[in-house]
Structure formats: structure tokens, C-alpha cells
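*Asks:* First the structure, then my questions, so here it is.
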Amino acid sequence: MSDSKPSHRKIIHIDMDAFYASVEQRDFPELRGKPLAVGGSPTGRGVVATASYEARKFGVRSAMSSRIAIKLCPQITFVPPRFDAYKAVSKSIREIFQRYTDIIEPLSLDEAFLDVTNDKLEIGSALEIAKQIKKAIRDELNLTASAGVSTNKFVAKIASDINKPDGLTFIGPSKIETFVNNLPVEKFFGVGKVTAQKMNNMQLFTGADLRKLSENELVKHFGKVGHFYFRIVRGIDDREVQTHRETKSLGAEDTFTYDLSTVDEMHKELDIIAETVFKRLQKSQLKGRTITLKIKYSDFTQITRNFSYAHPVGDFETIFNTAKQLLEKVDREEKTVRLLGISLSNFGEPETKPRKPRDPEQLELF
């Protein structure tokens, strides 16, 4: 007699709590219990990379300008990021994960998906594994993590954010439908502020509301991503945990201590940034066909310009000269520049036909 009971994957999403800030507070006791921002500066320049939970109580958030953070929390302390320290801690966290599974998909230094369907220690329970991982992180690294446990990546990731900090949320197969039905649309993957507002204008506020629309209707209103919405609102997510995430781009950028106003100043900074990109490409043994220049102005508006070659490039001269040429095409409208960045992408085989260079603009307000 065959067993008709469906098998489910066991997925854990681990997300460290205020990672950069927590490492700083761990390593420097005088910062514990105080509102803290990693990145930015007390002069109001720069952007917050991570805020401690003490700072978040005042409304301080990542990607917020220092100037706004100071207005919200005048007593906030700013510290420069120590990425070498964060990378070392991230490596230790990864080693804890590997005690239980080798199927690990890191999303960043502080979060990852784990597939523990067949765990190394034969524990069997994803919930128990998540508990053990959280305990190991606390006992060995003196940090806290939040975990979401479910049968797919979408639900596990949303679940990890429910009871932060130090949370653990399990959404079993029988609970997924109710969970997704009650989920606000802005929590869905791929739904940003603009799309969420469009949905709200259509009287779509929760997963249950989205579920009322057919797949064709979702595609009509939201494009190709409508196919994904149709599946995800029903708790269907077949994406596997990918142990090897393909590098999509590689680059470097810098926020300056004072705004740049002349082309000569910008060329000097692009020279330094291009050298950093060149060294990173050499270390990774990569070449790319598309070079992208990123510019953020003093008013926090941001644009990108890019140029695609027919064949992969990776030498310093090409990177630097292309970035300069892209800069020359930009009408800065007398704005000063607070950040410049260069990145390479399209790490593939040469194309048989040269592509027409693209020159898109992406405007973002932070």
C-alpha cells in the first residue's frame, strides 16, 4: 500500500538581529543599551547602515540620512562600519549552519536560507534545529538571531520577521493558507511602496484580497510578476535553496566627506574606485560586459548610467575610461555629488553580435 501523504521540504530562514549594531555593542560594552547607528556621522553626512533596537524605538532605520536620524534621536551615537569584523562573525555563523546542513543559501552577511529536509544530525525537526542554531549563536557568539520555519522560502522569510528580535516562528503546512490570507500586501515579495499603494487603491490590502483575482487579472494589473503573486498568495513557492548563488555584479562605491562639485574632483575619485573594482575582479577572476556608473546627489536623488561591450572586459583602463565617459554624458544640473560607484555585470561568454549600448536612468529617493 503506497503512502499518499505529500512530502514537504523543511526550510529555515535565519536573520540576525540588527547585525552590524549588535556586533558593535557586543565588542564595545560602552555602546550597550544606547541608541546606535552604524554608518553615517554626527555632522549629518552619510547614511545609516544599521540601527540598534534602542535607536529604532525613535524611528531610526537603515538607509536613513544621518541628518534625519539626529532629528529623531539627538542622543544617537554613530560608529563607522567594520566590515572585516562583520565578515568574520558571518563566517562563524555559517560554520554553525554547516553542522546541520550543507544546503545553505546566504542572502547577505546576516541572513540565509537553510534546507534541513535531510539534516546531517538526523534530528528530523526543523523547529528543533532552528532552536539549536539560535542557542549556538547566542552561546558561542553572544548575538541573537530570529528564525522562520516553514515548507517554502517565501513563508519562512516572512515568518522570521514576525517576532524580532530573538524570534522563532513556525508556520506549518496546515497554517500557511491562513497566514498568507492575513498577510498585508506590502509584506509580499516584490511588492514595494508604489505597488502596495496601487494595490490599496484597488482595495487590495491582504493576501485574501489578492486571492480573489484571477491569474490573468493579476498579470493585467501588475505585469509578469502577477504570475508569481497568483502562486505565492496560495502558499505555493517551489524555489529551491541554492547553495551556489551566481554573482550578478561586482563593484565599489564611496560616499564622500564633502560634496564634489567639479569634474576633476569626480575623476580623482573615480580613479580610486576603478582601482578597487579592478582588484576585486582580479581576485574573483571575473570579467563583465556591462559597466555601470552610479551617482547620488546631495539631495539624495540617484541615477545610474551603463554601457555594454560585445566582449567581457576587466582591465583598469577600460573601467576607468568608461566611467569617465558615462559621467560626461550626465547633465548634473549644477547639483553636487555625494556618492560615486562603479560596478561590472554580465559575467558571461562573449556575444556573437555587439549589443546596442543602453543608457537607462534609475531615480530613487531615500
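The values are calculated or read from the model by the stated rules, or taken from the named source; none is laboratory data. Just so it is clear, the structure is predicted and the values come from calculations on it, not from any experiment. Positions of Cβ are generated from backbone atoms using ideal geometry, with glycine treated the same way; all protein chains shown enter the neighbour counts.
*Asks:* Scanning for something touching a Cys at 6+ places or on another chain (Cβ under 8 Å), part of a loop (DSSP other than H, G, I, E, B), without any contact (Cβ under 8 Å) to a residue 40 or more places away in the chain and of a type in the set (A, V, I, L, M, F, W, C), does the range 35-57 turn up at least one residue?
*Replies:* No, the range 35-57 has no match at all.
*Asks:* Which of the helices (runs of 4 or more DSSP H) contained wholly in the range 199-292 include at least 2 residues that are touching a residue at least 60 places away in the same chain (Cβ under 8 Å) and outside the structural domain of Phe188 (by TED's automatic domain parsing)?
*Replies:* Of the helices (runs of 4 or more DSSP H) lying wholly inside the range 199-292, those with at least 2 residues that are touching a residue at least 60 places away in the same chain (Cβ under 8 Å) and outside the structural domain of Phe188 (by TED's automatic domain parsing) span 263-284.
*Asks:* Here's something else I'd like to know. Identify the residue in the range 95-146 that is buried (at least 20 other Cβ atoms within 10 Å of the Cβ) and among the polar types (S, T, N, Q) and, among all such residues, is nearest to Val241 (Cα to Cα).
*Replies:* Checked the range 95-146; the qualifying residue nearest to Val241 (Cα to Cα) is Thr101.
For every residue, the table says whether it meets (1) over 24 Å from the mean Cα position of the chain (by Cα); (2) in the same structural domain as Arg99 (by TED's automatic domain parsing); (3) at positive phi.
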position: Ser125; (1), (2), (3): yes, yes, no
position: Ile129; (1), (2), (3): yes, yes, no
position: Asp139; (1), (2), (3): yes, yes, no
position: Ser146; (1), (2), (3): no, yes, no
position: Lys157; (1), (2), (3): no, yes, no
position: Asn181; (1), (2), (3): yes, no, no
position: Ala196; (1), (2), (3): no, no, no
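*Asks:* Restricting to the range 164-194, name every residue that is out of contact with any helix residue (DSSP H, G or I) (no Cβ under 7 Å at 6 or more places or on another chain) and among the hydroxyl-bearing types (Ser, Thr, Tyr).
*Replies:* The answer is Ser174, Thr178.
*Asks:* Might you let me know whether the range 70-89 holds any residue that is modelled with pLDDT of 95 or more and under 23 Å from Gly167 (Cα atoms)?
*Replies:* yes
*Asks:* May I pose another question? Kindly indicate the residue of the range 59-91 that is in contact with a Leu (Cβ under 6 Å, 6 or more places away or on another chain) and more than 26 Å from Gln302 (Cβ to Cβ) and also surrounded by the most Cβ atoms within 10 Å (Cβ to Cβ) among those meeting that condition.
*Replies:* Ser90
*Asks:* Being among the small types (Gly, Ala, Ser) and farther than 24 Å from Asp15 by Cβ is the filter here; which residues of the range 175-215 pass it?
*Replies:* Residues satisfying the conditions are Ala208, Ser214.
*Asks:* What's the total number of residues in the range 215-260 that are surrounded by 17 or more Cβ atoms within 10 Å (Cβ to Cβ), in contact with a Lys or Arg (Cβ under 8 Å, 6 or more places away or on another chain) and among the β-branched types (Val, Ile, Thr)?
*Replies:* Here the count works out to 2.
*Asks:* Please give the number of the condition Ser174 fails out of (1) outside any helix (DSSP H, G or I); (2) loosely packed, with under 14 Cβ neighbours inside 10 Å.
*Replies:* (1)
*Asks:* Right, something else. Pairs needed: first member in the range 298-316, surrounded by fewer than 17 Cβ atoms within 10 Å (Cβ to Cβ); second member anywhere, charged (D, E, K, R) and in a strand (DSSP E or B); C-beta distance under 7 Å; at least 6 residues apart or different chains.
*Replies:* Ser298/Asp259; Ser298/Arg338; His311/Arg289
*Asks:* Select from the range 334-366 the residues that are more than 28 Å from the chain's Cα centre (by Cα) and at pLDDT 75 or above and write down the one among them that is surrounded by the most Cβ atoms within 10 Å (Cβ to Cβ).
*Replies:* In this case the residue turns out to be Lys335.
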